[in-house]
Ligand code: SAH
C-alpha cells in the first residue's frame, strides 16, 4: 500500500525488530485484524496475542483473517474494552499496538476516546516488560480525534525518562491532520 512510510505500516517495521517468537503481546484495538495478524506472525505458535475490541464485527473480521493464515492458535480474541486488559493479561508483555479511531467501514460513532485510551495505556505500561514497546497510531482527522491525539501526546510526552522513552513519526506535508505514530519504550534493566 502507498505510501510505505504510513504510521500504521511503520509501527510494524519498527516492532518487527523487537518482537521475538514466544513472547506475549497485545493488540488493544483489533479493528480489521491487520495488527493482530502481524503480531501473531511475530510471536509464532509458542507466543500469545491478546486482541481486544468492543465490537463483535471487528472481532469477526479479525477471527476470519487469522483463521485464513492459520494463526488463531496463538491468539485470544476478547470482546471487552482495553481499559480492562489486566483482567485478561497477567504476564509481562513485550509489545502492544493501539490503532485508534473507528473501525474502517464500520460505525463511525464507535471510536476510541481520550479518557479510556489513557486509562488503558496506564494499565498496559504496568504490564510492559523492560525493553518492551507500545505503538500508538493516533488519528486527529475525525471529530474527537484531535482532542484524543492531543491528550495521548501530552500524557506520553510528560513521562519520565528513564524509564520511558517516547518517539513520534508524523507526515508533515499533509493538508488535513494526518494519522501519526507515537512509540513508548521502557528502559531495559541492563
Ligand atoms: N483508525 C484505524 C482503525 C482503528 S480500528 C484505521 O483507519 O485503520 C479501532 C477499533 O477500536 C474499532 O474496531 C473499535 O471498535 C475499537 N475500540 C473502540 N473503543 C475501544 C475500547 N475502549 N476498547 C477496545 N477497542 C475499542
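Values in this text are rule-based calculations from the coordinates and carry no lab data. In this text, all values refer to a predicted model and were calculated from it rather than measured experimentally. Positions of Cβ are generated from backbone atoms using ideal geometry, with glycine treated the same way; all protein chains shown enter the neighbour counts.
General observations
- Least to most buried among 36, 62 (fewest other Cβ within 10 Å first): 62, 36
- Taking the chain as a Gaussian network of alpha-carbon nodes connected by springs under 10 Å, the highest mean-square fluctuation of the residues 69, 34, 82 belongs to 69.
- Pairs of Cα atoms nearer than 8 Å and 6+ residues apart set the relative contact order; for the chain it is 20 percent.
- Antiparallel bridge percentage (DSSP; both residues within the chain; nearest 5): 45 percent
- Packing-based ranking, highest mean first, of 144-153, 95-104, 172-181 given that Cβ atoms within 10 Å are counted: 95-104, 144-153, 172-181
- Ranked 186, 45, criterion: other C-beta atoms within 10 Å, fewest first: 45, 186
- Start at zero, step by 5 Å, and the Cα-Cα distances of the chain spread as 1, 8, 17, 22, 23, 17, 9, 3, 0, 0 percent across the bins.
- With a Förster radius of 41 Å applied to the C-beta separation of residue 76 and residue 176, the computed FRET efficiency comes to 0.70.
- For the range 34-120, the pair-distance distribution built from all alpha carbon pairs, in bins 10 Å wide starting at 0, is 16, 51, 30, 3 percent.
- Exposure proxy shown here: for 184, 25, the number of other Cβ atoms within 10 Å sets the order, fewest to most, as 184, 25.
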